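Step one of this worksheet: look at the structure below.
The values are calculated or read from the model by the stated rules, or taken from the named source; none is laboratory data. As the structure is a prediction and not an experimental result, all values here were calculated from the model. Backbone-built Cβ (ideal geometry, glycine too); neighbour counts: all protein chains shown. These area figures cover heavy atoms from the full protein model, side chains too; ligands, DNA and RNA do not enter into them. Shrake-Rupley method; radii C 1.70, N 1.55, O 1.52, S 1.80 Å.
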Amino acid sequence: MINYNRRTFVSKSNTDNGEVSSQTYFQYSQEENILTATYSGGEIVEGRLIGIVNADGSLRFRYNHVNISHELRGGECHSIPEILHNGKIRLHENWRWLDKDQTKGISIVEEM
């Protein structure tokens with residue numbers, strides 16, 4: 001199992017309906033198979049996520065944040081890891097808003 005504890009990720013791409021950008025940084029923590037993270041930057045003032053690390057290293061989590069318009073936003077995400085040639089992790093994410101618009105999107109975040 002991949003251990004995400006103390007890893008920092010940055011967004012590399014996102015669909016237009018997402019609020020995470022290349023200015024958004026994620027600080028991951030993990031205890032056993034429970035994942036937590038804080039994130040901020042760009043359109044995100046402050047965010048949190050909590051989820052599960054599966055045996056194959058994939059992630060299922062819920063996220064909530066406050067954006068620069070002071071709106072509370074939230075959703076769910078399923079992430080599939082890719083181990084890069086340098087040993088860093090790239091996450092391919094399929095996410096869905098669970099608030100006002102209920103739309104879906106895809107994104108990629110990469111370990112710094």
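Miscellaneous remarks
- Residues in region 52-76 that are open to solvent by less than 10 Å² (accessible area, probe 1.4 Å), closer than 17 Å to F9 by Cα and in a strand (DSSP E or B): V53, L59, H65.
- Close contacts from region 9-36, counting a first residue that is farther than 21 Å from V66 by Cβ and a second that is open to solvent by 20 Å² or more (accessible area, probe 1.4 Å) and hydrophobic (A, V, I, L, M, F, W, C), with Cβ to Cβ under 6 Å and a gap of 6+ residues or different chains, come to K12/I108; S13/I108; N33/I52.
- Considering residues of region 77-100 that are of a type in the set (D, E, K, R) and assigned to a loop (DSSP other than H, G, I, E, B) only, the residue most open to solvent (accessible area, probe 1.4 Å): K100
- The single condition among (1) open to solvent by less than 20 Å² (accessible area, probe 1.4 Å); (2) over 12 Å from the mean Cα position of the chain (by Cα) that L35 does not meet is (2).
- The numbered conditions (1) open to solvent by less than 50 Å² (accessible area, probe 1.4 Å); (2) hydroxyl-bearing (S, T, Y); (3) closer than 17 Å to I106 by Cα are all true for Y28 except (3).
- Considering residues of region 101-112 that are open to solvent by 70 Å² or more (accessible area, probe 1.4 Å) and of a type outside the set (A, V, I, L, M) only, the residue farthest from S21 (Cα to Cα): Q102
- Candidates S79, S107, S40, S29 - the one that is of a type in the set (S, T, N, Q), within 13 Å of F9 (Cβ to Cβ) and touching a Leu at 6+ places or on another chain (Cβ under 6 Å): S79
- The set of residues in region 1-18 being farther than 18 Å from R96 by Cβ and either open to solvent by less than 70 Å² (accessible area, probe 1.4 Å) or modelled with pLDDT of 95 or more (or both) consists of I2, N3, Y4, N5, R6, R7, T8, F9, V10, K12.
- Of all residues in region 19-51, those satisfying the criterion of being part of a loop (DSSP other than H, G, I, E, B) and either at pLDDT below 95 or closer than 22 Å to E82 by Cβ (or both) are V20, S21, S22, T24, N33.
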